[in-house]
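Here the structure comes first, spelled out in structure tokens, and everything after it is commentary.
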Amino acid sequence: MTQPKLHELGAAQAAALLQRRELKAEDLVRACLERVAARNDDLHAFVHVDAVSALAQARALDAGAICGPLHGLPLGVKDLFDTTDLPTSYGSALYAHHRPAADAASVALCREAGAVVLGKTVTTEFAYFTPGPTVNPHNPLHTPGGSSSGSAAAVADHQVPLALGTQTAGSIIRPAAYCGVVGYKPSLGRVPDAGVKSLSPTLDVIGSFGRRVEDAALLGAVLTGDARLAEAHVHGTLRIGLFPSPLWPQAELDTQRAWEMATAALARNSDRCQDVALPDFAELIALQKDVMAFEMARSLSHERTRHRDALSPALQALLDSGMAINGAQHADKLRRTADWRLRIDALFERHDVLLTPSTTGAAPEGLAATGDPLFCRSWSLLGLPAVHLPVLRNARGLPVGLQLVGRLGEDHRLLAAARHIHEKLKF
């Protein structure tokens with residue numbers, strides 16, 4: 001078997017070599033920087049790169065003690081996270097020259113654990129729907145998804161083994177699906193959000209991208225401070241709830257095929273699969289849209305009131321719709337959301353995880369939009385942890401996959417199940 005090139009190493013594989021001093025951080029960082037230099041003019045995954053600083057950090061790590069589980073691993077950071085040594089523009093020309101005074105807490109945690117920040121990856125405008133320049137690494141005529149477009153594309157293209165992302169509607173799971181990588185969205189509140197541009201406190205979650213479940217879990221363990229995420233394994237029979245959801249009629253043929261192949265493969269194994277029915281589940285879509293609009297309109301009050309003309313028409317329309325919702329209405333929507341969280345939590349008395357679609361289909365053609373987060377909105381509203389698993393490629397070579405959803409706060413069990421299931425879905 002051909003040995004992978006250095007920039008092609010998965011995060012967990014590279015981490016093991018770095019921890020044993022069988023690989024130098026400088027060599028790995030240099031290989032990734034060379035890949036970025038060769039590909040970024042075509043892919044546009046990175047908006048800022050500082051090769052000199054990254055190599056200096058890597059040399060310092062090689063000269064010192066092992067400082068954590070991410071020791072020497074190159075990291076892409078979504079341009080929604082504050083960084084002291086790189087500009088942070090939040091995907092908007094309004095902040096083109098913005099230099100934060102402090103790293104986001106999540107970035108600081110990654111650096112403390114030994115990660116080397118290669119640069120800032122492209123985000124859509126304020127992590128909403130207006131795309132940046134990134135294209136899909138599998139076909140440049142197709143969207144990479146959003147809003148964590150650059151992070152997903154950079155990992156898929158072997159420019160970095162790990163990257164940070166955020167999700168408010170579907171901004172981790174959807175680009176992971178379109179780019180064919182693993183995306184992990186933690187439970188709401190598991191990762192500190194200080195220093196990340198706030199959009200919706202009820203919905204915003206910081207997560208990770210890797211090429212395998214163990215890669216995303218390694219970064220997730222650092223972000224959450226919970227080592228179980230990188231260590232957990234399934235013991236005994238796994239109870240999988242099959243939930244195509246009432247939104248299934250909007251699933252395209254590619255997603256239908258991935259579902260059929262995955263459920264057939266799981267049925268052949270010793271895991272226990274049971275259908276799940278929640279006929280009124282679709283009402284959560286409208287709830288998520290309204291909660292997001294209300295909270296984004298207020299979180300972006302400075303931009304909305306001082307720089308409206310600099311915002312895209314799509315973002316202006318969202319903020320206007322959010323301001324049309326009053327506080328009493330919002331409080332009622334949060335109450336209904338809490339009721340649904342209790343109802344969904346009861347499902348996990350019977351199922352360890354839920355298998356459900358990630359997207360309507362493969363990445364759509366065209367770069368003017370980032371695709372539909374339809375199958376992600378409800379899980380974002382409920383704050384549940386989710387993992388996207390690549391399953392297959394369609395006839396055009398574009399990735400298609402499914403997501404697993406776990407119980408709130410039981411991220412380690414979700415990631416253990418994701419590793420277990422993904423091994424069975426390699427066709």
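Here G361, G366 are screened, and the one residue that is at pLDDT 95 or above, open to solvent by less than 50 Å² (accessible area, probe 1.4 Å) and farther than 30 Å from Y95 by Cα is G361. Residues that are open to solvent by less than 10 Å² (accessible area, probe 1.4 Å) and closer than 19 Å to L414 by Cα within region 172-197 comprise I172, I173, R174, A176, A177, V181, V182, G183, Y184, K185, P186, S187, listed in sequence order. Taking the criterion of being hydroxyl-bearing (S, T, Y) and within 22 Å of F281 (Cα to Cα), the residues of region 220-264 that qualify are S245, T255, T263. Open to solvent by less than 80 Å² (accessible area, probe 1.4 Å) and within 27 Å of the chain's Cα centre (by Cα): does that describe E295? Answer is yes for this residue. Looking at this structure, is A154 under 30 Å from G409 (Cβ atoms), among the aliphatic types (A, V, I, L, M), crowded, with 24+ Cβ neighbours inside 10 Å and in contact with a Leu (Cβ under 8 Å, 6 or more places away or on another chain)? For A154, the condition - under 30 Å from G409 (Cβ atoms), among the aliphatic types (A, V, I, L, M), crowded, with 24+ Cβ neighbours inside 10 Å and in contact with a Leu (Cβ under 8 Å, 6 or more places away or on another chain) - is met. Selection of first residues in region 47-66 that are under 18 Å from V36 (Cβ atoms) and of second residues that are among the hydrophobic types (A, V, I, L, M, F, W, C) and open to solvent by 70 Å² or more (accessible area, probe 1.4 Å), restricted to Cβ pairs under 9 Å at least 6 apart or on distinct chains, gives the following pairs, ordered by first then second residue: V49/A37; A51/A37.
For T202, the conditions (1) of a type in the set (S, T, N, Q); (2) under 24 Å from I344 (Cβ atoms); (3) open to solvent by less than 10 Å² (accessible area, probe 1.4 Å) are fulfilled apart from (3). Entry remark, region 247-287: residues being in contact with a Phe, Trp or Tyr (Cβ under 9 Å, 6 or more places away or on another chain), open to solvent by less than 50 Å² (accessible area, probe 1.4 Å) and closer than 30 Å to A328 by Cα number 5 in total. Determine, yes or no, whether D226 is modelled with pLDDT of 95 or more, touching a His at 6+ places or on another chain (Cβ under 8 Å) and open to solvent by less than 50 Å² (accessible area, probe 1.4 Å). Judged against the criteria, D226 is a match. Residue count for region 115-130 under the criterion of being touching a Gly at 6+ places or on another chain (Cβ under 7 Å) and surrounded by fewer than 24 Cβ atoms within 10 Å (Cβ to Cβ): the result is 2.
When restricted to residues that are more than 13 Å from A258 (Cβ to Cβ) and either over 17 Å from the mean Cα position of the chain (by Cα) or among the basic types (K, R) (or both), region 396-407 contains 3. Output the residue which, of all residues in region 370-395 that are over 18 Å from the mean Cα position of the chain (by Cα) and touching a residue at least 40 places away in the same chain (Cβ under 8 Å), is most open to solvent (accessible area, probe 1.4 Å). Selected residue: R393. Filtered by the rule that a residue be at pLDDT below 95, in contact with a Ser or Thr (Cβ under 7 Å, 6 or more places away or on another chain) and polar (S, T, N, Q), region 253-278 gives a lone residue, S270. Inside region 417-427, residues that are open to solvent by 10 Å² or more (accessible area, probe 1.4 Å) and of a type outside the set (D, E, K, R) make up a count of 3. Does R350 count as within 20 Å of W259 (Cβ to Cβ) and surrounded by fewer than 24 Cβ atoms within 10 Å (Cβ to Cβ)? Criteria not met by R350. Yes or no: region 191-199 includes at least one residue that is touching a residue at least 24 places away in the same chain (Cβ under 8 Å), farther than 30 Å from K24 by Cα and within 14 Å of the chain's Cα centre (by Cα). No, that holds for no residue.
Every residue, every condition in (1) under 26 Å from A363 (Cβ atoms); (2) outside any loop (DSSP other than H, G, I, E, B), yes or no:
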site	(1), (2)
F209	yes, yes
D226	no, no
L229	no, yes
H233	no, no
G236	no, no
S245	yes, no
T263	yes, yes
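Please verify whether region 313-325 includes one or more residues that are out of contact with any Lys or Arg (no Cβ under 6 Å at 6 or more places or on another chain), open to solvent by 60 Å² or more (accessible area, probe 1.4 Å) and in contact (Cβ under 8 Å) with a residue 24 or more places away in the chain. Checking region 313-325: at least one residue is out of contact with any Lys or Arg (no Cβ under 6 Å at 6 or more places or on another chain), open to solvent by 60 Å² or more (accessible area, probe 1.4 Å) and in contact (Cβ under 8 Å) with a residue 24 or more places away in the chain. If a residue counts only when it is over 19 Å from S245 (Cβ atoms) and of a type outside the set (F, W, Y), which strands (runs of 3 or more DSSP E) contained entirely in region 342-427 have at least 1 such residues? Here the list reads 386-393, 399-405. Being without any contact (Cβ under 8 Å) to a residue 12 or more places away in the chain and closer than 22 Å to L398 by Cα is a description that applies to E260.
The values are calculated or read from the model by the stated rules, or taken from the named source; none is laboratory data. Everything numeric in this text was worked out from a predicted model, so none of it was measured. Here the Cβ is made from the backbone with ideal geometry for all residues, glycine too, and neighbour counts use every protein chain on show. Areas reflect the complete protein model, heavy atoms only, side chains present, ligands, DNA and RNA absent. Shrake-Rupley method; radii C 1.70, N 1.55, O 1.52, S 1.80 Å.
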